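Novice: Dropping a structure here in C-alpha coordinates format, bear with me for questions.
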Amino acid sequence: MDSTALAGVRVVDFTWVWAGPYCTKQLADMGGEVIKIETASRLDTVRREPPHKDGEFGINRNATFSFYNRNKLGCTLNLKTPGAMELLTELISTCDVVVENFAPRVMPSLGLDYPSLKAIRPDIIMVSLSGFGGAGPYKDYVSYGEHASNFSGLTSLSGLAERPFGDQSALSDQTVGLMGAFASVSALHHRAKTGEGQRIDVSQYEAMASFLPQGIMDYSLNQRIRERQGNRDDILAPHDVYRCSGDDQWVSIAVATDDEWEAMANAMGHPEWSLDERFSEALQRWSNQDILDELIQEWTEQHTHYEVMHTLQAVGVAAVATLTSDELMEDPHIKDRGFFVEVDHAEMGPHMLTGPSWKMSETPGRIKRGAPLLGEDNEYVFGQILGFPSDKLDDLTERGALH
(Lines give C-alpha, C1' and ligand atoms only; values in the text may rest on other atoms or scores of the structure.)
Protein backbone atom coordinates (compact mmCIF):
# COMPACT_ATOMS: atom_id res chain seq x y z
CA MET A 1 0.00 0.00 0.00
CA ASP A 2 1.28 3.47 -0.93
CA SER A 3 1.87 5.38 2.31
CA THR A 4 2.30 8.83 0.79
CA ALA A 5 -0.16 11.52 1.88
CA LEU A 6 -1.80 12.08 -1.51
CA ALA A 7 -1.86 8.51 -2.75
CA GLY A 8 -5.01 7.98 -4.82
CA VAL A 9 -5.31 11.63 -5.88
CA ARG A 10 -5.08 12.11 -9.65
CA VAL A 11 -4.06 15.45 -11.13
CA VAL A 12 -4.23 16.56 -14.76
CA ASP A 13 -1.38 19.02 -15.20
CA PHE A 14 -1.58 21.61 -17.99
CA THR A 15 1.17 23.75 -16.47
CA TRP A 16 4.38 24.97 -18.04
CA VAL A 17 7.53 27.01 -17.34
CA TRP A 18 8.09 27.33 -13.54
CA ALA A 19 5.12 28.47 -11.44
CA GLY A 20 2.58 25.80 -12.36
CA PRO A 21 5.06 22.91 -12.51
CA TYR A 22 6.32 23.86 -9.03
CA CYS A 23 2.75 23.56 -7.76
CA THR A 24 2.19 20.14 -9.27
CA LYS A 25 5.67 19.01 -8.19
CA GLN A 26 4.57 19.37 -4.58
CA LEU A 27 1.48 17.25 -5.25
CA ALA A 28 3.54 14.62 -7.06
CA ASP A 29 6.17 14.48 -4.31
CA MET A 30 3.42 13.82 -1.79
CA GLY A 31 2.17 10.85 -3.81
CA GLY A 32 -0.38 12.38 -6.15
CA GLU A 33 -0.58 10.81 -9.62
CA VAL A 34 0.24 13.88 -11.70
CA ILE A 35 -0.25 13.52 -15.46
CA LYS A 36 1.50 16.28 -17.38
CA ILE A 37 -0.18 17.14 -20.68
CA GLU A 38 2.07 18.57 -23.41
CA THR A 39 2.14 18.81 -27.17
CA ALA A 40 5.16 18.63 -29.45
CA SER A 41 3.65 21.46 -31.51
CA ARG A 42 4.04 23.83 -28.54
CA LEU A 43 6.63 22.55 -26.10
CA ASP A 44 7.04 23.68 -22.54
CA THR A 45 9.66 26.40 -23.12
CA VAL A 46 11.80 25.08 -20.28
CA ARG A 47 12.59 21.99 -22.38
CA ARG A 48 14.45 24.25 -24.83
CA GLU A 49 16.24 26.52 -22.36
CA PRO A 50 19.72 25.92 -20.95
CA PRO A 51 21.19 24.25 -19.04
CA HIS A 52 21.10 20.88 -20.77
CA LYS A 53 22.93 17.74 -19.68
CA ASP A 54 26.61 17.95 -20.80
CA GLY A 55 25.70 21.09 -22.78
CA GLU A 56 24.05 18.91 -25.44
CA PHE A 57 20.67 20.26 -26.53
CA GLY A 58 17.71 17.93 -26.38
CA ILE A 59 14.09 18.38 -25.37
CA ASN A 60 14.50 15.55 -22.84
CA ARG A 61 17.85 16.75 -21.49
CA ASN A 62 16.93 19.97 -19.69
CA ALA A 63 18.11 20.24 -16.08
CA THR A 64 15.43 22.70 -14.96
CA PHE A 65 12.66 20.62 -16.49
CA SER A 66 14.00 17.65 -14.54
CA PHE A 67 13.79 19.66 -11.31
CA TYR A 68 10.21 20.84 -11.79
CA ASN A 69 8.69 17.70 -13.28
CA ARG A 70 10.08 14.68 -11.45
CA ASN A 71 7.52 12.13 -10.23
CA LYS A 72 5.10 13.05 -13.02
CA LEU A 73 3.70 11.00 -15.89
CA GLY A 74 4.06 12.60 -19.31
CA CYS A 75 1.50 12.53 -22.12
CA THR A 76 1.15 14.35 -25.42
CA LEU A 77 -2.16 15.59 -26.82
CA ASN A 78 -2.64 17.99 -29.71
CA LEU A 79 -6.08 19.37 -28.87
CA LYS A 80 -6.42 20.85 -32.36
CA THR A 81 -6.56 17.35 -33.82
CA PRO A 82 -9.81 15.31 -33.94
CA GLY A 83 -9.93 12.63 -31.29
CA ALA A 84 -7.63 14.31 -28.80
CA MET A 85 -10.42 16.01 -26.87
CA GLU A 86 -12.20 12.66 -26.46
CA LEU A 87 -9.16 11.24 -24.70
CA LEU A 88 -8.76 14.33 -22.56
CA THR A 89 -12.42 14.37 -21.55
CA GLU A 90 -12.20 10.75 -20.49
CA LEU A 91 -9.05 11.47 -18.51
CA ILE A 92 -10.56 14.49 -16.74
CA SER A 93 -13.58 12.40 -15.76
CA THR A 94 -11.23 10.20 -13.71
CA CYS A 95 -9.20 12.96 -12.07
CA ASP A 96 -9.57 14.97 -8.87
CA VAL A 97 -7.68 18.15 -9.70
CA VAL A 98 -6.86 20.11 -12.86
CA VAL A 99 -4.02 22.64 -12.63
CA GLU A 100 -3.11 25.25 -15.24
CA ASN A 101 -1.06 28.45 -15.36
CA PHE A 102 -2.01 29.97 -18.69
CA ALA A 103 -3.34 33.47 -19.23
CA PRO A 104 -7.02 33.49 -18.14
CA ARG A 105 -8.28 33.55 -21.73
CA VAL A 106 -6.59 30.28 -22.77
CA MET A 107 -8.60 27.57 -21.01
CA PRO A 108 -12.00 28.99 -22.08
CA SER A 109 -10.71 29.16 -25.67
CA LEU A 110 -9.98 25.42 -25.48
CA GLY A 111 -13.39 24.64 -24.02
CA LEU A 112 -11.77 23.81 -20.70
CA ASP A 113 -13.00 26.54 -18.38
CA TYR A 114 -14.37 25.60 -14.97
CA PRO A 115 -18.04 25.18 -16.03
CA SER A 116 -16.90 22.87 -18.85
CA LEU A 117 -14.74 20.81 -16.51
CA LYS A 118 -17.54 20.67 -13.95
CA ALA A 119 -19.86 19.30 -16.63
CA ILE A 120 -17.37 16.45 -17.13
CA ARG A 121 -16.93 15.81 -13.42
CA PRO A 122 -19.18 17.72 -10.98
CA ASP A 123 -16.78 17.54 -8.02
CA ILE A 124 -13.69 18.60 -9.99
CA ILE A 125 -11.19 21.00 -8.43
CA MET A 126 -9.64 23.46 -10.87
CA VAL A 127 -6.56 25.45 -9.89
CA SER A 128 -5.66 28.44 -12.06
CA LEU A 129 -2.38 30.27 -11.49
CA SER A 130 -1.76 33.51 -13.37
CA GLY A 131 0.16 36.74 -13.03
CA PHE A 132 -2.73 39.04 -12.18
CA GLY A 133 -5.52 36.58 -11.39
CA GLY A 134 -8.59 35.53 -13.32
CA ALA A 135 -10.55 38.77 -12.85
CA GLY A 136 -9.85 42.48 -12.86
CA PRO A 137 -8.69 44.99 -15.49
CA TYR A 138 -5.18 43.49 -15.74
CA LYS A 139 -6.23 39.85 -15.97
CA ASP A 140 -5.04 39.43 -19.56
CA TYR A 141 -1.71 41.18 -19.04
CA VAL A 142 1.32 39.01 -19.78
CA SER A 143 3.83 38.50 -16.96
CA TYR A 144 6.65 36.26 -15.83
CA GLY A 145 8.03 35.56 -12.37
CA GLU A 146 10.18 38.65 -12.01
CA HIS A 147 7.25 40.88 -12.99
CA ALA A 148 5.16 39.66 -10.06
CA SER A 149 8.03 40.54 -7.76
CA ASN A 150 8.03 44.05 -9.20
CA PHE A 151 4.27 44.59 -9.15
CA SER A 152 3.83 43.13 -5.64
CA GLY A 153 6.25 45.66 -4.15
CA LEU A 154 9.00 43.15 -3.33
CA THR A 155 11.51 44.73 -5.69
CA SER A 156 10.91 48.21 -4.27
CA LEU A 157 12.03 46.88 -0.87
CA SER A 158 14.96 44.80 -2.13
CA GLY A 159 18.42 46.07 -2.89
CA LEU A 160 20.59 48.97 -1.88
CA ALA A 161 19.29 52.41 -1.02
CA GLU A 162 20.18 53.85 -4.42
CA ARG A 163 18.50 51.19 -6.58
CA PRO A 164 16.29 48.09 -6.35
CA PHE A 165 17.48 44.60 -7.17
CA GLY A 166 15.42 42.48 -9.55
CA ASP A 167 14.24 38.99 -8.64
CA GLN A 168 16.60 36.92 -10.78
CA SER A 169 15.48 33.66 -9.19
CA ALA A 170 11.81 34.34 -10.03
CA LEU A 171 10.94 33.66 -6.40
CA SER A 172 7.30 34.50 -7.13
CA ASP A 173 7.04 31.40 -9.34
CA GLN A 174 7.86 29.14 -6.42
CA THR A 175 5.69 31.21 -4.07
CA VAL A 176 2.55 31.01 -6.19
CA GLY A 177 3.27 27.33 -6.82
CA LEU A 178 3.29 26.61 -3.09
CA MET A 179 0.11 28.66 -2.64
CA GLY A 180 -1.55 26.65 -5.40
CA ALA A 181 -0.49 23.36 -3.86
CA PHE A 182 -1.78 24.36 -0.42
CA ALA A 183 -5.06 25.57 -1.93
CA SER A 184 -5.39 22.24 -3.78
CA VAL A 185 -5.02 20.23 -0.59
CA SER A 186 -7.46 22.56 1.20
CA ALA A 187 -10.02 22.03 -1.57
CA LEU A 188 -9.51 18.26 -1.43
CA HIS A 189 -10.18 18.38 2.32
CA HIS A 190 -13.35 20.42 1.74
CA ARG A 191 -14.51 17.98 -0.92
CA ALA A 192 -13.93 15.03 1.40
CA LYS A 193 -16.32 16.64 3.90
CA THR A 194 -18.95 18.00 1.51
CA GLY A 195 -18.56 16.32 -1.87
CA GLU A 196 -18.15 19.74 -3.48
CA GLY A 197 -15.42 20.70 -5.91
CA GLN A 198 -14.45 24.30 -6.62
CA ARG A 199 -12.33 26.64 -8.71
CA ILE A 200 -9.22 28.19 -7.21
CA ASP A 201 -7.93 31.47 -8.66
CA VAL A 202 -4.37 32.29 -7.55
CA SER A 203 -2.76 35.60 -8.51
CA GLN A 204 1.02 35.58 -8.59
CA TYR A 205 1.43 39.18 -7.46
CA GLU A 206 -1.09 38.71 -4.64
CA ALA A 207 0.83 35.63 -3.48
CA MET A 208 4.01 37.71 -3.34
CA ALA A 209 2.37 40.70 -1.69
CA SER A 210 1.20 38.47 1.16
CA PHE A 211 4.89 37.94 2.03
CA LEU A 212 5.52 41.66 2.61
CA PRO A 213 3.78 42.52 5.89
CA GLN A 214 6.17 45.28 6.99
CA GLY A 215 5.88 47.41 3.87
CA ILE A 216 2.13 46.93 3.50
CA MET A 217 1.22 47.33 7.16
CA ASP A 218 3.49 50.34 7.70
CA TYR A 219 1.64 52.11 4.93
CA SER A 220 -1.77 50.81 6.04
CA LEU A 221 -1.32 52.02 9.61
CA ASN A 222 1.05 54.97 9.22
CA GLN A 223 0.80 56.04 5.56
CA ARG A 224 4.57 55.63 5.45
CA ILE A 225 6.37 54.19 2.43
CA ARG A 226 9.08 51.83 3.51
CA GLU A 227 12.56 52.41 2.08
CA ARG A 228 15.17 49.91 0.98
CA GLN A 229 17.69 49.00 3.66
CA GLY A 230 20.09 46.68 1.86
CA ASN A 231 21.04 43.93 4.31
CA ARG A 232 20.28 45.97 7.40
CA ASP A 233 17.47 45.56 9.90
CA ASP A 234 15.16 47.99 11.71
CA ILE A 235 16.50 46.94 15.11
CA LEU A 236 19.30 44.39 14.94
CA ALA A 237 22.95 45.38 14.54
CA PRO A 238 25.24 44.03 13.34
CA HIS A 239 23.05 42.65 10.57
CA ASP A 240 24.84 42.27 7.24
CA VAL A 241 26.74 40.03 4.86
CA TYR A 242 30.52 40.20 5.26
CA ARG A 243 33.35 39.28 2.91
CA CYS A 244 35.54 36.38 3.99
CA SER A 245 38.86 35.00 2.79
CA GLY A 246 38.81 32.94 -0.37
CA ASP A 247 37.23 33.60 -3.74
CA ASP A 248 33.87 35.37 -3.40
CA GLN A 249 33.17 33.94 0.06
CA TRP A 250 30.65 35.68 2.32
CA VAL A 251 28.95 35.13 5.65
CA SER A 252 25.67 36.48 7.02
CA ILE A 253 25.72 37.63 10.65
CA ALA A 254 22.86 38.91 12.79
CA VAL A 255 23.06 39.85 16.49
CA ALA A 256 19.82 40.16 18.46
CA THR A 257 20.93 40.84 22.06
CA ASP A 258 23.72 42.47 24.07
CA ASP A 259 24.74 39.03 25.36
CA GLU A 260 25.13 37.77 21.79
CA TRP A 261 27.18 40.85 20.94
CA GLU A 262 29.51 40.28 23.88
CA ALA A 263 29.91 36.62 22.92
CA MET A 264 30.66 37.60 19.31
CA ALA A 265 33.24 40.22 20.31
CA ASN A 266 35.00 37.70 22.56
CA ALA A 267 34.94 35.01 19.87
CA MET A 268 36.51 37.44 17.41
CA GLY A 269 39.28 38.21 19.88
CA HIS A 270 38.09 41.77 20.52
CA PRO A 271 36.39 41.83 23.94
CA GLU A 272 36.96 45.58 24.03
CA TRP A 273 34.28 46.06 21.37
CA SER A 274 31.53 45.13 23.81
CA LEU A 275 32.79 47.81 26.21
CA ASP A 276 33.09 50.54 23.55
CA GLU A 277 30.33 53.09 24.17
CA ARG A 278 29.60 53.17 20.45
CA PHE A 279 28.65 49.48 20.50
CA SER A 280 27.80 48.58 24.10
CA GLU A 281 24.03 48.67 23.63
CA ALA A 282 21.67 47.85 20.75
CA LEU A 283 20.76 51.44 19.86
CA GLN A 284 24.40 52.53 19.84
CA ARG A 285 25.36 49.62 17.60
CA TRP A 286 22.50 50.38 15.25
CA SER A 287 23.50 54.07 15.09
CA ASN A 288 27.15 53.22 14.34
CA GLN A 289 26.73 50.41 11.83
CA ASP A 290 29.14 51.79 9.23
CA ILE A 291 32.04 51.73 11.68
CA LEU A 292 30.90 48.45 13.20
CA ASP A 293 30.65 46.70 9.84
CA GLU A 294 34.18 47.80 8.90
CA LEU A 295 35.60 46.30 12.11
CA ILE A 296 33.71 43.04 11.66
CA GLN A 297 34.76 42.64 8.03
CA GLU A 298 38.42 43.22 8.93
CA TRP A 299 38.09 40.08 11.06
CA THR A 300 35.93 37.97 8.70
CA GLU A 301 38.35 38.60 5.82
CA GLN A 302 40.94 36.61 7.75
CA HIS A 303 38.75 33.49 7.83
CA THR A 304 36.71 31.33 5.48
CA HIS A 305 32.94 31.63 5.56
CA TYR A 306 32.64 28.21 7.20
CA GLU A 307 35.22 29.14 9.86
CA VAL A 308 33.26 32.27 10.73
CA MET A 309 29.99 30.37 10.85
CA HIS A 310 31.27 27.60 13.13
CA THR A 311 33.20 29.99 15.40
CA LEU A 312 30.22 32.26 16.01
CA GLN A 313 27.60 29.51 16.14
CA ALA A 314 29.68 27.88 18.87
CA VAL A 315 28.95 30.89 21.11
CA GLY A 316 25.29 31.22 20.12
CA VAL A 317 25.52 33.89 17.41
CA ALA A 318 23.47 33.55 14.22
CA ALA A 319 26.09 33.32 11.49
CA VAL A 320 25.60 31.35 8.28
CA ALA A 321 27.92 30.88 5.32
CA THR A 322 26.70 32.06 1.94
CA LEU A 323 26.99 28.89 -0.13
CA THR A 324 27.35 28.32 -3.83
CA SER A 325 25.50 25.43 -5.44
CA ASP A 326 28.46 23.07 -5.24
CA GLU A 327 29.07 23.93 -1.59
CA LEU A 328 25.42 23.33 -0.77
CA MET A 329 25.41 19.90 -2.39
CA GLU A 330 28.60 18.90 -0.54
CA ASP A 331 27.65 20.33 2.85
CA PRO A 332 27.80 17.62 5.56
CA HIS A 333 24.62 18.77 7.30
CA ILE A 334 22.63 18.66 4.05
CA LYS A 335 24.07 15.24 3.27
CA ASP A 336 23.23 13.96 6.73
CA ARG A 337 19.58 14.92 6.30
CA GLY A 338 19.41 13.25 2.90
CA PHE A 339 18.00 16.32 1.19
CA PHE A 340 19.54 15.59 -2.20
CA VAL A 341 18.30 12.41 -3.83
CA GLU A 342 19.71 10.59 -6.83
CA VAL A 343 17.25 9.83 -9.61
CA ASP A 344 17.81 7.98 -12.87
CA HIS A 345 16.63 9.31 -16.22
CA ALA A 346 16.38 7.61 -19.60
CA GLU A 347 18.44 10.26 -21.44
CA MET A 348 20.32 12.16 -18.76
CA GLY A 349 21.26 9.20 -16.61
CA PRO A 350 21.58 9.41 -12.82
CA HIS A 351 21.65 12.89 -11.30
CA MET A 352 20.85 14.60 -8.03
CA LEU A 353 17.62 16.45 -7.23
CA THR A 354 16.39 18.21 -4.12
CA GLY A 355 14.01 16.05 -2.16
CA PRO A 356 10.73 17.18 -0.58
CA SER A 357 11.11 20.33 1.50
CA TRP A 358 9.50 18.82 4.59
CA LYS A 359 9.76 15.47 6.32
CA MET A 360 6.62 13.68 7.50
CA SER A 361 6.97 10.89 10.04
CA GLU A 362 4.09 8.72 8.79
CA THR A 363 3.45 9.72 5.17
CA PRO A 364 6.76 11.00 3.81
CA GLY A 365 7.03 12.27 0.27
CA ARG A 366 9.63 10.74 -1.99
CA ILE A 367 11.08 10.84 -5.49
CA LYS A 368 9.96 7.75 -7.36
CA ARG A 369 11.00 8.63 -10.90
CA GLY A 370 12.66 11.29 -12.99
CA ALA A 371 10.92 13.80 -15.24
CA PRO A 372 9.07 12.19 -18.16
CA LEU A 373 10.32 12.08 -21.70
CA LEU A 374 7.98 13.83 -24.10
CA GLY A 375 4.95 11.56 -24.42
CA GLU A 376 6.62 8.78 -22.45
CA ASP A 377 3.46 7.58 -20.71
CA ASN A 378 0.87 7.82 -23.48
CA GLU A 379 0.35 4.07 -23.66
CA TYR A 380 0.09 3.66 -19.88
CA VAL A 381 -2.32 6.57 -19.31
CA PHE A 382 -4.55 6.23 -22.34
CA GLY A 383 -4.26 2.47 -22.73
CA GLN A 384 -3.99 1.01 -19.24
CA ILE A 385 -5.67 3.67 -17.10
CA LEU A 386 -8.42 4.70 -19.53
CA GLY A 387 -8.67 1.38 -21.37
CA PHE A 388 -8.52 2.64 -24.96
CA PRO A 389 -7.53 -0.20 -27.32
CA SER A 390 -4.09 -0.10 -28.90
CA ASP A 391 -5.45 0.06 -32.46
CA LYS A 392 -7.36 3.25 -31.62
CA LEU A 393 -4.30 4.79 -30.00
CA ASP A 394 -2.21 3.85 -33.04
CA ASP A 395 -4.77 5.53 -35.29
CA LEU A 396 -4.77 8.68 -33.14
CA THR A 397 -0.98 8.71 -33.21
CA GLU A 398 -0.94 8.50 -37.01
CA ARG A 399 -3.45 11.36 -37.21
CA GLY A 400 -1.29 13.52 -34.91
CA ALA A 401 -3.61 13.58 -31.91
CA LEU A 402 -0.96 12.07 -29.61
CA HIS A 403 1.68 14.54 -30.67
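The values are calculated or read from the model by the stated rules, or taken from the named source; none is laboratory data. The structure displayed is predicted, hence computed values, not measured ones. We place every Cβ from the backbone using ideal geometry, glycine too, and count neighbours over all the protein chains shown.
Novice: Part of a loop (DSSP other than H, G, I, E, B), modelled with pLDDT of 95 or more and buried (at least 24 other Cβ atoms within 10 Å of the Cβ): does that describe Asn78?
Specialist: Taking the combined requirement at face value, the residue does not satisfy it.
Novice: What tally of residues in segment 218-262 results from selecting those that are part of a loop (DSSP other than H, G, I, E, B), within 14 Å of Leu292 (Cα to Cα) and of a type in the set (Val, Ile, Thr)?
Specialist: So the answer is 1.
Novice: Hey, another quick one. What residue, of Glu33, Glu90, Glu100, Glu49, is in contact (Cβ under 8 Å) with a residue 60 or more places away in the chain, in the same structural domain as Gly195 (by TED's automatic domain parsing) and within 21 Å of the chain's Cα centre (by Cα)?
Specialist: Glu100
Novice: Given the criteria aromatic (Phe, Trp, Tyr), surrounded by fewer than 15 Cβ atoms within 10 Å (Cβ to Cβ) and at pLDDT 95 or above, does Tyr306 qualify?
Specialist: Taking the combined requirement at face value, the residue does not satisfy it.
Novice: Among the residues of segment 241-290, what is the count of those that are among the aromatic types (Phe, Trp, Tyr) and closer than 14 Å to Ala321 by Cβ?
Specialist: Residues in segment 241-290 being among the aromatic types (Phe, Trp, Tyr) and closer than 14 Å to Ala321 by Cβ: 2 in total.
Novice: Return the only residue of Gln284, Gln302 being free of Cβ contacts under 8 Å to residues at least 60 places away in the same chain and outside any helix (DSSP H, G or I).
Specialist: Exactly one of Gln284, Gln302 is free of Cβ contacts under 8 Å to residues at least 60 places away in the same chain and outside any helix (DSSP H, G or I), namely Gln302.
Novice: In addition: Give the residues of segment 205-219 that are closer than 24 Å to Gly131 by Cβ and either touching a residue at least 60 places away in the same chain (Cβ under 8 Å) or not hydrophobic (A, V, I, L, M, F, W, C) (or both), sorted by residue number.
Specialist: Result: Tyr205, Glu206, Met208, Ser210, Leu212, Pro213, Gln214, Gly215, Ile216, Tyr219.
Novice: Name the single residue that is farthest from Val176 (Cα to Cα) among those in segment 84-143 being β-branched (Val, Ile, Thr) and assigned to a loop (DSSP other than H, G, I, E, B).
Specialist: Only one residue fits best here, namely Thr94.
Novice: Consider segment 263-275. How many of its residues are surrounded by 13 or more Cβ atoms within 10 Å (Cβ to Cβ) and either among the basic types (Lys, Arg) or in a helix (DSSP H, G or I) (or both)?
Specialist: Result for segment 263-275: 7.
Novice: Taking segment 350-378, which residues are in contact with a Cys (Cβ under 7 Å, 6 or more places away or on another chain) and outside any loop (DSSP other than H, G, I, E, B)?
Specialist: Hit for segment 350-378 is Asn378, nothing else.
Novice: Return the pairs, sorted by first residue and then second, in which the second residue is in a loop (DSSP other than H, G, I, E, B) and modelled with pLDDT of 95 or more, the first residue lies in segment 330-350 and is surrounded by 10 or more Cβ atoms within 10 Å (Cβ to Cβ) and small (Gly, Ala, Ser), the beta carbons are less than 8 Å apart, and the residues are 6+ apart or on different chains.
Specialist: Within 8 Å, the pairs are Ala346/Asn60; Ala346/Gly370; Ala346/Leu373; Ala346/Glu376.
Novice: Is there a residue in segment 367-385 that is free of Cβ contacts under 8 Å to residues at least 40 places away in the same chain, of a type outside the set (D, E, K, R) and in the same structural domain as Pro21 (by TED's automatic domain parsing)?
Specialist: Yes.
Novice: Which condition breaks for Val381 when tested against (1) β-branched (Val, Ile, Thr); (2) farther than 30 Å from Ile92 by Cα; (3) not in a loop (DSSP other than H, G, I, E, B)?
Specialist: Here Val381 clears every test but (2).
Novice: Return the residue satisfying two criteria in turn: it lies in segment 168-216 and is among the hydroxyl-bearing types (Ser, Thr, Tyr) and under 23 Å from Asp113 (Cα atoms), and of such residues it is surrounded by the fewest Cβ atoms within 10 Å (Cβ to Cβ).
Specialist: The residue in question is Thr194.
Novice: Let me ask you something else. If you take the residues in segment 113-142 that are of a type in the set (Gly, Ala, Ser) and within 17 Å of the chain's Cα centre (by Cα), which one is surrounded by the most Cβ atoms within 10 Å (Cβ to Cβ)?
Specialist: Step by step, filter segment 113-142, then rank; the result is Ser130.
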